[in-house]
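One structure below.
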Amino acid sequence: MIMSPLTRTDERQLEQAERQSQLIVPPLNFAMIAPGIYRSGFPNPKSQPFLLQLGLRTILYVYDGDCQPYHQEFIRNNNINYKHFRVAANKEPFEEMDHSLVAQILAEVLDTRNHPLLIHCNRGIRRVGCLVGCIRKLQGWAMTAIFDEYQRFSGTKIRISDQEFIEVFRHPVSIDPQFQPAWLSDQQT
């Protein structure tokens with residue numbers, strides 16, 4: 001029996017079947033924040049097929065360390081917009097996340113031209129937890145609900161300094177009303 005070479009369509013179908021047969025593993029602390037906005041810890045190579053299924057347009061990395069080469073390659077190979085914000089963690093007694101930098105990151109997160117979007121730090125706990133807390137404030141959530149969500153993701157690694165940061169964050173977030181999510185009212189930004 002003579003086999004003909006694979007066509008481009010055959011190759012795509014094989015690649016798709018291979019992706020579908022792989023075990024789907026989300027990144028650590030993965031969750032949807034709102035439609036088109038996701039959070040997680042640093043994705044590992046096993047989570048790449050999962051991330052592909054999200055159809056991400058943008059990945060924001062909020063951490064003071066460098067991005068892993070395998071992650072940079074994944075982003076480049078899949079034409080995903082990438083922004084790295086070097087954000088220091090809140091630490092008692094004198095280190096605090098920069099309010100203006102957090103407002104800048106929130107503006108990126110809330111711009112629908114960047115959606116679907118993944119925002120991640122190293123473990124998806126502190127920096128991302130603070131950013132999600134600030135988003136929840138913009139959504140009008142009660143502080144107790146915001147802290148409850150923060151604690152669900154942080155487990156035993158709760159930092160009072162993170163909760164204080166969320167509570168006192170009041171820096172204006174500049175977003176174009178034309179490109180803000182439908183769930184965010186004009187009065188909240």
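The values are calculated or read from the model by the stated rules, or taken from the named source; none is laboratory data. Bear in mind the structure is a predicted one, so any value in this text is a computation, not a measurement. In this analysis, Cβ positions are derived from the backbone assuming ideal geometry, glycine residues included, and neighbour counts consider all displayed protein chains. Just the protein is used for accessible areas: all its heavy atoms, side chains included, with ligands, DNA and RNA removed. Shrake-Rupley method; radii C 1.70, N 1.55, O 1.52, S 1.80 Å.
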Considering only DSSP states other than H, G, I, E and B, which chymotrypsin sites (Phe, Trp or Tyr not before Pro) in the stretch 116-189 qualify as loop sites with at most 14 other Cβ atoms within 10 Å? 183
Under a point spin-label approximation (7 Å from Cα along Cα-to-Cβ), what is the residue 113-residue 139 distance to one decimal in nm? 2.5 nm
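How big is the antiparallel share of DSSP beta bridges in the chain, given as a percent to the nearest 5?
Values: 4 of 17 bridges.
Roughly 25 percent of the beta bridges in the chain run antiparallel, per DSSP.
So if R0 is 30 Å, what FRET efficiency would residue 25 and residue 64 give, r being the distance between their Cβ atoms, rounded to the nearest 0.05? Each step should come with its number before you reach the end.
Values: r = 26 Å, r/R0 = 0.87.
Once rounded, the FRET efficiency stands at 0.70.
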First obtain the Kirkwood hydrodynamic radius of the chain from its Cα pairs, then insert it into the Stokes-Einstein equation at 20 °C and 1.002 mPa s, and state the resulting D in µm² per second as a whole number. 120 µm²/s
Find the accessible area per residue for the chain; the probe is 1.4 Å, ligands and nucleic acids are left out, and the unit is Å². 57 Å²
Which trypsin sites (Lys or Arg not before Pro) from the stretch 102-177 combine a DSSP loop assignment with at most 15 other Cβ atoms within 10 Å? 157, 170
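Decide, for the stretch 97-162, between rounded, prolate and oblate: order the square roots of the alpha carbon gyration tensor eigenvalues as a ≥ b ≥ c, take rounded if a/c falls under 1.5, and otherwise choose prolate if a/b is larger than b/c, else oblate.
Values: a/c = 1.69, a/b = 1.45, b/c = 1.16.
Prolate, because a/c is 1.5 or more and a/b exceeds b/c.
Provide the FRET efficiency to the nearest 0.05 for the residue 156-residue 54 pair, computing r from the beta carbons and using R0 = 25 Å.
Efficiency for this residue pair is about 0.30.
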At R0 = 30 Å, how high is the FRET efficiency between residue 174 and residue 32 if r is their beta carbon distance? Nearest 0.05 is fine. 0.75
